[in-house]
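Engineer: Sharing a structure with you now.
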Amino acid sequence: MENNPIQLIDQYDRHLNYLRISVTDRCNLRCLYCIPPEGIDKLTHGDILTYEEILRLARIAVDLGVDKIRLTGGEPLVRKGIAEFIPRLTALSGLKEVSLTTNGIYLKDHLEGLRSAGIKRINISLDTLHRERYEKITGYDGFQEVCEGIRLARKLKFSPIKINVVVIKGINDDEILDFAKLTLKKPYHIRFIEYMPIGVASKENILRHVPDSLIKKQLGDLGKLIPVSKNALDGPAERFRYQDAPGEVGLISALSNHFCATCNRLRLTPTGSLRACLLSDQEIDLRGPMRRGASDNELAQIFLRAALTKPHSHYLASENSILPTGHMSAIGG
Ligand code: SAM
């Protein structure tokens, strides 16, 4: 609520107006860089926040100036009741935008509902354009389902439709130009995401990291990269368009070219902890106080405290970096 003089501002004067809510740790895929082959201990029903609890916390966050919420996970569309929850979330007054990050497997069944709930922006994770490779990366033969979801999203006029591609050396770094070529004919926004050393993908796999300079160089081989200017609700991607192309390419580089100085994010984990930086393990619990009867005002104070824990920047790029220990699927990617 803009009228509320108390806003989520951190020690470095960043206004934290963007809350990413992970509604579940569960996922229907087993991406090799995200979930270890032996799996992850699943949270119990009682561990994760109920939809009522999420709505209450979202309302408190909106009162503190959050105007943009993204639902993520795990896979948000696998949680039972998500279709009924989303319109209740989008109905919160003061929110300018609610968006969703999904692997796209169940997307086509949800698109009509998402559209009527007022969601226009969706991010779909897709790391390859080859069916067999998709199965190798994700452990599931779901390439066609994701493609159908993307096509239907376009038909239903979702915009922008962002396709998140985590670029991994030796796995899919030979597909950068194929993804980029899609933008010459279709209005997709392809986001090349730098592989981050988190969870399964931690230090020993750092060799799989492809720096954004290399990705950009390859993109430049397809044509002149015309910079696209950003608006207030845009994320951290460095964006480009090819001449006359309906789509865009973008680079999200948490390591090579980190965007900490302008990071406006807070994360709410499925267990109700606030995490001010994806790449730092520091979290503050809201669930305990909430279940013990804390008032809205007391919970708002916890939000404000969490904002103050936001580090100036993460230290992953340095030699002696401390790697985060959590898994992306449990934190909320
Ligand atoms: N299930 C949803 C999805 O697939 O989009 C949301 C959760 S998923 C954890 C969110 C994003 O995090 C996906 O695009 C995934 O590729 C990305 N991700 C997971 N591990 C990553 C890593 N080590 N480095 C970079 N991105 C990663």
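The values are calculated or read from the model by the stated rules, or taken from the named source; none is laboratory data. From a predicted model like this one, the values you see are computed outputs, not experimental measurements. As a convention, Cβ positions derive from the backbone with ideal geometry for all residues, glycine included, and neighbour counts pool all protein chains shown. Areas reflect the complete protein model, heavy atoms only, side chains present, ligands, DNA and RNA absent. Shrake-Rupley method; radii C 1.70, N 1.55, O 1.52, S 1.80 Å.
Engineer: Tell me whether the stretch 207-222 contains one or more residues that are of a type in the set (Gly, Ala, Ser), under 16 Å from Val167 (Cα atoms) and at pLDDT below 95.
Structural biologist: Among the residues of the stretch 207-222, at least one is of a type in the set (Gly, Ala, Ser), under 16 Å from Val167 (Cα atoms) and at pLDDT below 95, which makes the answer yes.
Engineer: State whether one or more residues within the stretch 110-118 are within 12 Å of the ligand (Cβ to nearest atom), over 16 Å from the mean Cα position of the chain (by Cα) and of a type outside the set (A, V, I, L, M).
Structural biologist: Among the residues of the stretch 110-118, not one is within 12 Å of the ligand (Cβ to nearest atom), over 16 Å from the mean Cα position of the chain (by Cα) and of a type outside the set (A, V, I, L, M), which makes the answer no.
Engineer: From the set of residues in the stretch 71-106 that are open to solvent by less than 10 Å² (accessible area, probe 1.4 Å) and in a strand (DSSP E or B), which is farthest from the ligand (Cβ to nearest atom)?
Structural biologist: Ser99
Engineer: Another question, if that's okay. For a quick check of your reading of the model, give me the residue pairs whose first member lies in the stretch 26-37 and is touching a residue at least 60 places away in the same chain (Cβ under 8 Å) and farther than 15 Å from Arg208 by Cα, whose second is open to solvent by less than 30 Å² (accessible area, probe 1.4 Å) and aliphatic (A, V, I, L, M), with beta-carbon atoms closer than 6 Å and at least 6 apart or on different chains.
Structural biologist: Between residues of the stretch 26-37 that are touching a residue at least 60 places away in the same chain (Cβ under 8 Å) and farther than 15 Å from Arg208 by Cα and residues that are open to solvent by less than 30 Å² (accessible area, probe 1.4 Å) and aliphatic (A, V, I, L, M), the close pairs are Asn28/Ile105.
Engineer: If the requirement is being open to solvent by less than 20 Å² (accessible area, probe 1.4 Å) and more than 15 Å from the ligand (Cβ to nearest atom), which of these qualifies: Leu29, Leu49?
Structural biologist: Leu49
Engineer: Another question, if that's okay. Do we have Pro236 as of a type outside the set (Gly, Ala, Ser), open to solvent by 10 Å² or more (accessible area, probe 1.4 Å) and within 16 Å of the ligand (Cβ to nearest atom) here?
Structural biologist: Against the criterion (of a type outside the set (Gly, Ala, Ser), open to solvent by 10 Å² or more (accessible area, probe 1.4 Å) and within 16 Å of the ligand (Cβ to nearest atom)), Pro236 qualifies.
Engineer: Same structure again: Pairs please, first residue from the stretch 246-260 and part of a strand (DSSP E or B) and within 13 Å of the ligand (Cβ to nearest atom), second anywhere and open to solvent by 20 Å² or more (accessible area, probe 1.4 Å) and aromatic (Phe, Trp, Tyr), Cβ atoms under 9 Å, 6+ apart in sequence or on different chains.
Structural biologist: Hits for this filter: Ile252/Phe259.
Engineer: Within the stretch 107-207, considering only helices (runs of 4 or more DSSP H) that don't extend past its boundaries, which have at least 2 residues that are more than 22 Å from Asn28 (Cα to Cα) and free of Cβ contacts under 8 Å to residues at least 60 places away in the same chain?
Structural biologist: Correct list: 107-116, 143-155, 176-185.
Engineer: Show the residue pairs meeting these rules: Cβ distance below 9 Å; 6+ apart or different chains; first residue within the stretch 39-51 and assigned to a loop (DSSP other than H, G, I, E, B); second residue open to solvent by less than 50 Å² (accessible area, probe 1.4 Å) and of a type in the set (Phe, Trp, Tyr).
Structural biologist: Pairs that qualify, where the first residue is assigned to a loop (DSSP other than H, G, I, E, B) and the partner is open to solvent by less than 50 Å² (accessible area, probe 1.4 Å) and of a type in the set (Phe, Trp, Tyr): there are none.
Engineer: Please specify each residue of the stretch 121-143 satisfying the condition of being away from the ligand (no atom under 12 Å from the Cβ) and either surrounded by 16 or more Cβ atoms within 10 Å (Cβ to Cβ) or of a type outside the set (Asp, Glu) (or both).
Structural biologist: Arg121, Leu129, His130, Arg131, Arg133, Tyr134, Lys136, Gly139, Phe143
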